[in-house]
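Student: Quick one: structure below, then a few questions.
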Amino acid sequence: MSRTRGRLARRYRRLLLGYPRQFRRARGEEIVATFLDLAPPGRTRPTIRETANLFRHGMRCRLGRPNSRSVVVWAALTAIVWGLFGGAFASRLGWETARPLPSAAEATELFSGVLGQDTTGRVGVDPALFVIYGQPLGSDNLHVLFSPDAGEYQQGRAMVGLSGPSRVAPQALVESSRAWLRDNGWRVSDVITRNRVECTSCDESKLPRSAVFAAWRGDDVLNLDISLGSSLSPPPKPGVTDHSDETYVYAELTRAAPGAVKPFGVAGFLLGMVVAWLMFGWASRRTENRGRTLRVLTAVLFGLAAVTWWAPILLAGPSTLRHHTDEPHPSWHPMWEWLGQPALAPLFVVGAGAALLALTASALPRRHVPSTNVRPAG
């Protein structure tokens, strides 16, 4: 064999790594020889079509069960959901490259400028980029991630709230704060007016309203909520003669997603998909032609895993999208919140447990080697 043909054969063999080892041993050289016979003289590498052909057939072969179509659907669902989870986990690692939150003094200076009044002593700054109940995630509160309170894990922020009565008319405060931000190099979103309280059976024209807008500069994201009052005076509170305890403006500063989040997320998504497909394929081949009890058991366990992994995504995804369209968001919420995590982490844990049981059942010794009767690529 010439040097050129030898190089082409090695490249075809590399493409066969998409097939299971047993199949490569049984049919690998036959497939390589077929492709070499069909290749014109002088070709040094496989064509794009041949590469895609071998990859597609190799991934299908890893699932076994050549006469089943449903196995491809379940494998695809598992691979996609684990790609999403892998991307979310990797994007969290990318967040580690973000700048820390500003100090209390820096945040006070910013908020005082935006609001046109001294905010000394009123500013709070979370101790980390992500907190749960205001504290960094650690060994002492890690268990909260697997409880109904897991949704309290959220992005850290610097914040200030001012209680009334305001010395500035609400609309004037909205305009002055927006003007200050633009004059200092911030990009400012449009103002959205919304109800301050939710009430399905109320006259919305009489509900208290807020002006909400966002501003961003570099990796700083500022969100403001300024009360516009209501057309009716609020009902008196017991023991309170005025409404000085009511917050009329709330502002918070967060960090935008750093540049590393996207490449980390894409890499995690692709890696998660590949690992999930390979693991699902391994389990599928291991249970092919096995006893009915084992096949039913693994199918039920994998089905349970798929449902408990996808359910939080189908619940959280649309609601998060509505939230983003209802309010200005210069920087989108972290990827894991779109997947319902960690708010619905218990469901993820149930799915992971079911998948581990299915993999354990698949690893049980088998009496015979499953068939490799899969149509080769060509």
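Student: Could you list all residues from the range 80-131 that are of a type in the set (Val, Ile, Thr) and either part of a helix (DSSP H, G or I) or in contact with a helix residue (DSSP H, G or I) (Cβ under 8 Å, 6 or more places away or on another chain) (or both)?
Tutor: Result: Ile80, Val81, Thr97, Thr108, Val114, Thr119, Thr120, Val123, Val125.
Student: Of all residues being out of contact with any Lys or Arg (no Cβ under 9 Å at 6 or more places or on another chain) and touching a residue at least 40 places away in the same chain (Cβ under 8 Å) in the range 1-17, which is least open to solvent (accessible area, probe 1.4 Å)? Just the residue, please.
Tutor: Tyr12
Student: Among the residues of the range 266-302 satisfying the criterion of being free of Cβ contacts under 8 Å to residues at least 24 places away in the same chain and of a type in the set (Gly, Ala, Ser), which is farthest from Trp82 (Cα to Cα)?
Tutor: My answer is Gly291.
Student: Going by the conditions given, is Asn289 surrounded by fewer than 20 Cβ atoms within 10 Å (Cβ to Cβ), more than 35 Å from the chain's Cα centre (by Cα) and modelled with pLDDT under 90?
Tutor: Taking the combined requirement at face value, the residue satisfies it.
Student: Leu101: open to solvent by less than 70 Å² (accessible area, probe 1.4 Å) and touching a Gly at 6+ places or on another chain (Cβ under 7 Å), yes or no?
Tutor: Criteria met by Leu101.
Student: Another question, then. Quick check on Gln171: is it part of a strand (DSSP E or B), open to solvent by 60 Å² or more (accessible area, probe 1.4 Å) and of a type outside the set (Val, Ile, Thr)?
Tutor: Criteria not met by Gln171.
Student: So how many residues does the range 44-62 have that are open to solvent by 60 Å² or more (accessible area, probe 1.4 Å) and farther than 19 Å from Arg21 by Cβ?
Tutor: Here the count works out to 3.
Student: Name the residues in the range 200-234 that are modelled with pLDDT under 75 and either open to solvent by 40 Å² or more (accessible area, probe 1.4 Å) or in contact with a His (Cβ under 8 Å, 6 or more places away or on another chain) (or both), would you?
Tutor: If the condition is that a residue be modelled with pLDDT under 75 and either open to solvent by 40 Å² or more (accessible area, probe 1.4 Å) or in contact with a His (Cβ under 8 Å, 6 or more places away or on another chain) (or both), then Thr200, Ser201, Cys202, Asp203, Glu204, Ser205, Lys206, Ser230, Ser231, Leu232, Ser233, Pro234 are the ones that fit.
Student: Name the residue, out of Arg13, Arg65, Arg69, Arg49, that is of a type in the set (Lys, Arg) and in contact with an Asp or Glu (Cβ under 7 Å, 6 or more places away or on another chain).
Tutor: Among Arg13, Arg65, Arg69, Arg49, only Arg65 is of a type in the set (Lys, Arg) and in contact with an Asp or Glu (Cβ under 7 Å, 6 or more places away or on another chain).
Student: Pick out the one residue from Phe111, Phe89 that is of a type in the set (A, V, I, L, M, F, W, C), in contact (Cβ under 8 Å) with a residue 24 or more places away in the chain, surrounded by 15 or more Cβ atoms within 10 Å (Cβ to Cβ) and within 28 Å of Arg217 (Cβ to Cβ).
Tutor: Phe111
Student: For Pro20, state whether it is at pLDDT below 95, within 30 Å of Trp310 (Cα to Cα), of a type outside the set (S, T, N, Q) and open to solvent by less than 20 Å² (accessible area, probe 1.4 Å).
Tutor: yes
Student: Further question: Taking the criterion of being in contact (Cβ under 8 Å) with a residue 24 or more places away in the chain, of a type outside the set (Phe, Trp, Tyr), open to solvent by 20 Å² or more (accessible area, probe 1.4 Å) and over 18 Å from Gln341 (Cβ atoms), would at least one residue in the range 311-326 satisfy it?
Tutor: Yes: the range 311-326 contains one or more residues that are in contact (Cβ under 8 Å) with a residue 24 or more places away in the chain, of a type outside the set (Phe, Trp, Tyr), open to solvent by 20 Å² or more (accessible area, probe 1.4 Å) and over 18 Å from Gln341 (Cβ atoms).
The values are calculated or read from the model by the stated rules, or taken from the named source; none is laboratory data. This one's a predicted model, so the numbers in the text were calculated from it and none came from an experiment. So basically every Cβ, Gly included, is an ideal-geometry build from the backbone, and we count neighbours across all protein chains shown. Side chains included, ligands, DNA and RNA excluded: accessible areas come from the protein's heavy atoms. Shrake-Rupley method; radii C 1.70, N 1.55, O 1.52, S 1.80 Å.
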